[in-house]
Amino acid sequence: MARKPVTMASVDERVQEMEKSVEVMNLDLNASPTPVGRSLSEGKPRNSPTVTYVPVTYTTKSGEVVTTKKALQHAPSFILSETPDAPTLGVAILGYRRFGRKHLKDVFDNQACRVHFIVEFDSQLAAQAREDMKQMGVHGCEVIQDQSRVNAVCADSKVALVIVSCLILRKKEYVTAALKARKICLCDRPLAHNAQDVRELFELARQNNCVLLTNLPGRPGKAFSPVVMSLMSSASIIKLERLESPNSAGGDFANAPAIDVKSEQTEAMLVDVAMHDIGAINFCMCMRPVSVAAAVSPTSSGVVLVDCVYPNGAEVQVKGVVGQEEHDLQQFTLYGDRLSDMRRVDHMHVSDMRRQTSMSGDAAEVKGVRFNQVYHRAHRDALEQAYAFSTGNKEHGQRVRPYLMEQACLDNLRIATAAIKSLREGGKMVSLAYW
């Protein structure tokens with residue numbers, strides 16, 4: 001029997017029905033380890049680790065609510081020191097937008113890495129890079145605003161890792177320069193906006209015996225705990241939106257422009273939604289959607305709602321707005337009867353978990369879970385994996401699987417293409433085939 005297609009209205013109706021009898025449990029995953037080193041505003045000396053404790057609250061099988069504290073410390077998975085066996089990894093950052101600034105801090109915090117060059121043509125961003133380095137105490141790094149020097153930077157003998165964090169229009173050029181110089185390349189999402197460019201870049205990496213990494217949920221760094229992945233797999237309905245700050249309650253990007261279904265900005269936003277949001281769900285559920293639909297929200301002209309149906313019958317609705325691409329913080333809201341059996345939460349990023357009651361005040365089965373997913377540790381882990389690969393550390397370098405990243409990029413671009421087609425055809429459901 002054919003499955004009834006999911007629509008935005010059907011998802012909202014089912015969610016409203018569930019929330020009549022049970023409130024959503026708030027699972028806050030915002031707390032993150034305090035990294036080794038000095039932040040932009042702190043004056044702590046470099047290499048002085050700080051141990052942070054966060055409360056972890058869970059309900060036992062007997063119904064008892066238990067609160068404990070868990071120590072969090074950012075400790076490298078392997079020895080990071082400047083020795084003949086493990087030399088410092090020289091880094092060049094091409095582009096200094098929002099993620100470029102994060103990369104600079106990650107490189108500074110990682111004792112095995114040292115940034116030698118930052119390439120940024122925008123004068124304001126270049127000035128910001130110099131100011132950030134001054135505050136952090138980064139020395140020996142040259143900020144370059146000359147586009148003609150990109151190839152020379154990539155070929156410099158001090159550089160082993162090139163981080164590409166520029167606008168999409170220049171990404172293929174910069175990644176190509178890094179791979180032709182036989183350097184490890186870590187590129188922010190999206191690597192490209194079309195499948196042909198993705199295939200060409202990964203093929204170039206294979207030809208030059210290089211590693212090409214791109215930041216996708218779950219790959220190459222760690223992002224999701226087994227608990228979160230189990231919750232995702234047990235949910236019947238998942239709603240997802242991007243947040244501007246960890247303290248946000250949702251509904252961000254209120255000043256987003258009205259959606260133009262034919263604009264390149266809308267296409268770029270939907271590619272980012274597929275890469276980061278739908279890609280996160282795909283990774284956790286170990287499956288891909290079989291159909292997708294996209295339409296402008298009936299309540300906000302600046303919002304696109306992307307609906308996906310998965311092989312297990314789960315329905316996913318992702319909120320997208322133009323301008324959210326440089327924000328990676330996500331808010332997940334999960335619904336489903338099976339969630340009532342999943343009460344224990346033990347995750348390194350959990351700071352607070354509590355079981356809610358029904359509207360009447362009586363105890364109720366939990367059928368809803370809401371949490372924020374952060375990627376700070378994932379970005380640092382990606383840097384460590386690149387370092388491990390550069391030193392030939394088989395134990396940690398073997399976790400780098402570029403072919404999985406290539407396939408994920410191609411799958412997500414296929415989903416994005418279907419969403420763009422649906423949006424331009426008035427929200428028509430589009431079936432997906434991957435082989």
key: Members of segment 143-170 that are under 15 Å from Val91 (Cα atoms) and surrounded by fewer than 13 Cβ atoms within 10 Å (Cβ to Cβ)   = Ser157
query = Of all residues in segment 401-435, which are crowded, with 21+ Cβ neighbours inside 10 Å and of a type in the set (S, T, N, Q)?
reply = Asn412, Ser422
message = Between a residue in segment 156-169 that is closer than 16 Å to Leu201 by Cα and any residue that is charged (D, E, K, R) and not in a loop (DSSP other than H, G, I, E, B), which pairs come within a Cβ distance under 8 Å, given they are 6 or more apart or on different chains?
response = Val164/Lys171
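For segment 232-322, which fully contained strands (runs of 3 or more DSSP E) count at least 1 residues that are modelled with pLDDT of 90 or more and under 19 Å from the mean Cα position of the chain (by Cα)? Talk me through it step by step, then tell me what you get.
Numbers: elements: 237-242, 291-296, 304-309, 315-320.
Filter on segment 232-322 gives 237-242, 304-309, 315-320.
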query = Got a number for residues in segment 191-211 being touching a residue at least 60 places away in the same chain (Cβ under 8 Å) and in contact with a strand residue (DSSP E or B) (Cβ under 8 Å, 6 or more places away or on another chain)?
reply = 4
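Given the criterion modelled with pLDDT under 75 and either open to solvent by 20 Å² or more (accessible area, probe 1.4 Å) or touching a Gly at 6+ places or on another chain (Cβ under 7 Å) (or both), identify the matching residue among His396, His349, His379.
Sole residue among the options that is modelled with pLDDT under 75 and either open to solvent by 20 Å² or more (accessible area, probe 1.4 Å) or touching a Gly at 6+ places or on another chain (Cβ under 7 Å) (or both): His396.
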inquiry  = Looking at Ser431, Ser422, Ser390, can you tell me which residue is more than 27 Å from Ser225 (Cβ to Cβ), of a type outside the set (Val, Ile, Thr) and at pLDDT below 80?
reply    = Ser390
query = Of Ala126, Ala112, Ala92, Ala86, which residue is modelled with pLDDT of 85 or more and either surrounded by 18 or more Cβ atoms within 10 Å (Cβ to Cβ) or more than 26 Å from the chain's Cα centre (by Cα) (or both)?
reply = Ala92
message = So, in segment 323-335, exactly how many residues are out of contact with any helix residue (DSSP H, G or I) (no Cβ under 6 Å at 6 or more places or on another chain) and either open to solvent by 20 Å² or more (accessible area, probe 1.4 Å) or not in a strand (DSSP E or B) (or both)?
response = 5
query = If a residue has to be more than 16 Å from Ile168 (Cα to Cα) and surrounded by fewer than 19 Cβ atoms within 10 Å (Cβ to Cβ) to count, how many in segment 262-295 make the cut?
reply = 5
task = With the checklist (1) in a helix (DSSP H, G or I); (2) at pLDDT below 80 in hand, flag the one item Tyr403 doesn't pass.
result = (2)
ask   = If you go through segment 419-435 one residue at a time, how many are in a helix (DSSP H, G or I) and either touching a residue at least 40 places away in the same chain (Cβ under 8 Å) or touching an Asp or Glu at 6+ places or on another chain (Cβ under 9 Å) (or both)?
value = 5
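The values are calculated or read from the model by the stated rules, or taken from the named source; none is laboratory data. Just so you know, these numbers come straight off a predicted model, no measurement behind them. Positions of Cβ are generated from backbone atoms using ideal geometry, with glycine treated the same way; all protein chains shown enter the neighbour counts. Just the protein is used for accessible areas: all its heavy atoms, side chains included, with ligands, DNA and RNA removed. Shrake-Rupley method; radii C 1.70, N 1.55, O 1.52, S 1.80 Å.
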